[in-house]
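Accompanying notes for the structure given below.
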Amino acid sequence: ALVRACGYYTHRYGKIDRFESLNEYWLGTEARIRDDFNIEGIRGHQIDTIRRKSKMKAAFRSAGVPVARGAVVHTLEEARRLIAETGYPVVAKPDAGVGALDTYRLDNDDDLEHFFANKSDVDFIVEEFVAGTIYSFDGLSDLNGDLVFTTAHRFSQGIMETVNEGRHIHYVSLREIPPVLEALGRQCVRAFDARERFFHIEFFHTDDDRYIGLEINMRPPGGFTTDMFNYACDIDIYRVWAHLLAHGQGTLDYTRKYHCCYASRKNNQSYRYSHDDILARFSENIVQVVQVPGVFSSALGEMGYIFRSPDQDEIDRITRAIHASPDTEG
C-alpha cells in the first residue's frame, strides 16, 4: 500500500524529496521506500547498524567509545559460554528491539534457564551488566552531518528497571553538557553518519568516570523529550526540523536557559502531595502536565509533569515532592 501510494504521488507530483516517520518501528520501512524511490536518507544497507544492537557495537568502537561485552546468542549453551567470560549479572534484550520491551536482567543460572524457556522467537543479544547512570546526547543534524542543535539528559534509572520493577522515572536536561560526553557524542554522530536526522545516543556513566556506549536511536528521543528541548531553550525545534527538510538549511541561535525535567506518576501508587498540591506549589515551574497513552505508561507513568528552572537544586526539590510517598518526612 505504501509503495502504491508513493507511486501515485510520484506520478502526480514528481519525485518525492523526503520520506520520514520519526518512529523507531518504521525505520526499516522508511529505508526500503527510499531504496525504491531513490529518496535522500538512510537506505536499506545502513539499517542494521542503527537497528541491531550487535551492529551498533562496531560503530561505537569505531567512534572510540567502549561498549559492554556481549553477543547474539541462539542457544542456552552459547549464552553459558559468553557468561563464563562476563560473569553475572547480564542483560538479555532483542537485538532489534525498541525501548525496554522484552529486556531482562539475569542474575544466575536459574534466571538464564527461565529466560530461554520463555523467550520470544527473535534474536536476543546477551551482554554484561554495566552499573552506572544513563546519560544521553541528543540533537538534530543537517544534511552535511553538522549539528544544528545539541543537548544532554541524565536519567534516574534505565527504562528496563522502570518497566520491569514498576519504578518512577525522572530525567533532566543539562544546561551544560559534560565535555567528555559531548566529545564522544559528536564522534558517534560522525561514526553513525547521522545526516539530516534527530538522534538520541545513550551512554552509561560509571563510578570511575567512564562513558560506555549503550545504543543509538536515529530518531527523536522518546516520550515528550522534544517538547523539553523547546521548554529548556525557548525554541521551536519542530519548525527548525521542517525548515531543514524543506529548504536544506538549518540554523538555530539558542542557549540552554533552563534545566527541564520530566517526572512520572503511576496510578497504582500513593503520594504525599496531591496533584492539586503539586500544581499550587510549583505553578511557576510547571510548563506542562501530560496524560500518557497506555502503551507507554509502563515506562513513562500514567501522568507526567514537565517543569523547568535555571537551578538544578530547585529541579531536584520539585522532583522529590512529586515522588514523595505518604510516609515521607519533611
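The values are calculated or read from the model by the stated rules, or taken from the named source; none is laboratory data. Note that the structure is a prediction, hence the values are computed from the model and not measured. For neighbour counting, all protein chains shown are included, and Cβ atoms are generated from backbone atoms with ideal geometry for every residue, glycine included. Surface accessibility is based on the protein's heavy atoms, side chains included, excluding ligands, DNA and RNA. Shrake-Rupley method; radii C 1.70, N 1.55, O 1.52, S 1.80 Å.
Descriptive notes on the structure:
- Of all residues in the range 270-279 being surrounded by fewer than 13 Cβ atoms within 10 Å (Cβ to Cβ) and not in a helix (DSSP H, G or I), the one that is farthest from the chain's Cα centre (by Cα): S274
- Filter result (open to solvent by 40 Å² or more (accessible area, probe 1.4 Å) and part of a loop (DSSP other than H, G, I, E, B)) within the range 118-131: K119, S120, D121, V122, D123, F129, A131
- Sole exception among (1) over 21 Å from P220 (Cβ atoms); (2) assigned to a helix (DSSP H, G or I); (3) without any contact (Cβ under 8 Å) to a residue 40 or more places away in the chain for A321, by number: (3)
- When R317 is tested against (1) open to solvent by 50 Å² or more (accessible area, probe 1.4 Å); (2) touching an Asp or Glu at 6+ places or on another chain (Cβ under 7 Å); (3) not small (G, A, S), only condition (2) is not met.
- Residue count for the range 240-267 satisfying the condition of being over 19 Å from L143 (Cβ atoms) and open to solvent by 80 Å² or more (accessible area, probe 1.4 Å): 4.
- Spans of helices (runs of 4 or more DSSP H) in the range 1-59 with at least 3 residues open to solvent by less than 30 Å² (accessible area, probe 1.4 Å): 27-37
- Count - residues of the range 194-239 that are more than 23 Å from I134 (Cα to Cα), open to solvent by 20 Å² or more (accessible area, probe 1.4 Å) and either in contact with a helix residue (DSSP H, G or I) (Cβ under 8 Å, 6 or more places away or on another chain) or in contact (Cβ under 8 Å) with a residue 24 or more places away in the chain (or both): 4
- Contact map, the range 168-192: residues that are open to solvent by less than 20 Å² (accessible area, probe 1.4 Å) paired with residues that are not in a strand (DSSP E or B), Cβ distance under 6 Å, separation 6+ or inter-chain. Pairs shown: I169/S156; I169/T162; V172/I315; S173/M228; S173/A232; C188/A63; F192/A59.
- Inside the range 196-228, residues that are touching a strand residue (DSSP E or B) at 6+ places or on another chain (Cβ under 8 Å), within 25 Å of P66 (Cβ to Cβ) and among the acidic types (D, E) make up a count of 2.
- Some residue of the range 89-96 being of a type in the set (A, V, I, L, M), assigned to a helix (DSSP H, G or I) and either under 30 Å from G248 (Cα atoms) or in contact with a helix residue (DSSP H, G or I) (Cβ under 8 Å, 6 or more places away or on another chain) (or both): no
- Checked against (1) among the hydrophobic types (A, V, I, L, M, F, W, C); (2) part of a strand (DSSP E or B); (3) open to solvent by 50 Å² or more (accessible area, probe 1.4 Å), V72 passes all but a single condition, namely (3).
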